[in-house]
Amino acid sequence: MSNAIRPLAAGNWKMNGVTASLAEIKAIAEAAATEAGGADVLICPPATLISAARAAAGGKIAIGGQDCHAKPSGAHTGDISAEQLKDAGASHVIVGHSERRADHGESDEAVRAKAEAALRAGLTAIVCVGETHLQREAGQTLTVVGRQLSGSLPHGATAQNLVVAYEPVWAIGTGLTPTPADVAEVHGFIRHELVDLMPGEGAKVRILYGGSVKPSNAAELMAVGNVNGALVGGASLTAKDFMGIASVYK
Ligand code: 13P
C-alpha cells in the first residue's frame with residue numbers, strides 16, 4: 001500500500017538562512033525535476049524568507065512554514081498565523097516539532113490546534129512526533145508516539161492535507177539514527193494508528209522519517225517500509241547535501 005504513496009523530500013531550515021541563502025533554494029528548485037522527479041520537494045525556510053523563497057522556487061518546489069499560531073489573527077505579538085503563511089506563499093507548515101514542544105512547552109492539545117489552523121487556512125500540516133532518549137531506553141517509544149498521535153492529529157484531516165513526521169528527539173542534530181528495524185517498527189505502528197484514527201485516509205497519509213538524515217544514510221532509511229520521505233534539518237541547508245538525499249527519489 002505504501003508503495004503507491006508519492007514521497008515527500010522536505011527540508012526544515014529551522015532558525016537558519018538569510019537573503020543570500022535563497023541561492024540554495026533556487027539550486028534545489030532547478031535540480032528537483034531531474035534529480036528527485038519521483039518525489040514532491042518542500043523547503044521550510046524561516047518565515048522571513050517565505051515570500052522570497054516562493055519567488056526563488058519558481059513553482060518548481062513547495063515552500064512551507066515551521067510553525068503557526070492557532071488563531072487566524074489578533075493581538076499575539078511576534079506570532080504568525082496559518083493564513084499569513086498561506087498569504088506569503090506557503091503550502092505546508094510544520095507543527096509540533098520537538099524543538100517547539102521543548103522550547104515553547106507546546107502540548108499535544110496546542111499542536112492539534114495549530115494543525116487544525118493549518119487545515120483551516122488551506123495548508124498541509126506536517127505533524128511531528130517522536131520519543132526522547134530516556135523514553136526509548138524505558139521501552140516507551142510506541143506509547144509516547146501513540147499518545148502524541150491521538151493528542152495532536154487534527155480532526156477532519158485527509159491524506160492530502162496531513163503529513164506525519166517521526167523524529168526521534170535523540171536523533172535530531174546528533175548524527176545518531178535508529179536502525180532500519182527500529183524505524184520500520186515505529187513507522188508500522190504509526191501506519192496502524194493512522195488507519196485506526198482516520199478510516200479511509202490513514203493508509204494514504206505520508207509518514208516522513210527525520211533525524212540526522214544525510215546523503216550517506218538516506219537510501220537505507222528511505223527504503224524502510226512505511227517511510228514515505230524525509231524531514232531533513234542540517235543537511236537541507238545546502239543544495240548539494242539536500243539533493244544528495246532527495247536524489248534517492250530520482
Ligand atoms: P537534523 O536533520 O539536523 O537532524 O534535523 C532533523 C529535524 O529536526 C528536521 O525537522
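Observations
- Here the chain is treated with +1 on each Lys and Arg Cβ and -1 on each Asp and Glu Cβ, and its dipole about the Cα centre works out to around 500 debye.
- Descending by average beta-carbon neighbour count within 10 Å, the peptides 174-186, 197-209 line up as 197-209, 174-186, the highest first.
- Virtual spin-label span in nm between Glu137 and Ala181, 7 Å along Cα→Cβ: 2.1
- Estimated from helical segments only, the mean residue ellipticity of the chain at 222 nm is -11500 deg cm²/dmol, where each DSSP H run of four or more residues counts as -39500 (n - 2.57).
- Axial C-alpha extent at least 18 Å, average Kyte-Doolittle at least 0.0 - helices from the chain (DSSP): 22-35, 180-197
- The stretch between Ala20 and His155, if pulled fully straight at 0.36 nm per residue, gains 44.7 nm over its current Cα-Cα span.
- Shape call, the stretch 123-250: gyration tensor on alpha carbons, a/c limit 1.5: oblate
- Kirkwood hydrodynamic radius over Cα pairs of the chain, then Stokes diffusion coefficient at 25 °C and 0.890 mPa s, in µm²/s: 139
- What separates the Cα centres of the stretch 126-166 and the stretch 33-94 is a distance of 22 Å.
- For the pair Thr48 and Ser216, label points projected 7 Å from Cα toward Cβ lie 3.2 nm apart.
- Above-threshold pairs, the threshold being 28 Å between Cα atoms, out of Lys26/Lys71; Lys214/Lys250; Lys114/Lys240: Lys26/Lys71; Lys114/Lys240
Where a number appears in this text, it was derived from the coordinates with a stated rule and is not lab data. Bear in mind that the values here come from a model prediction, so they are computed numbers and not experimental data. We place every Cβ from the backbone using ideal geometry, glycine too, and count neighbours over all the protein chains shown.
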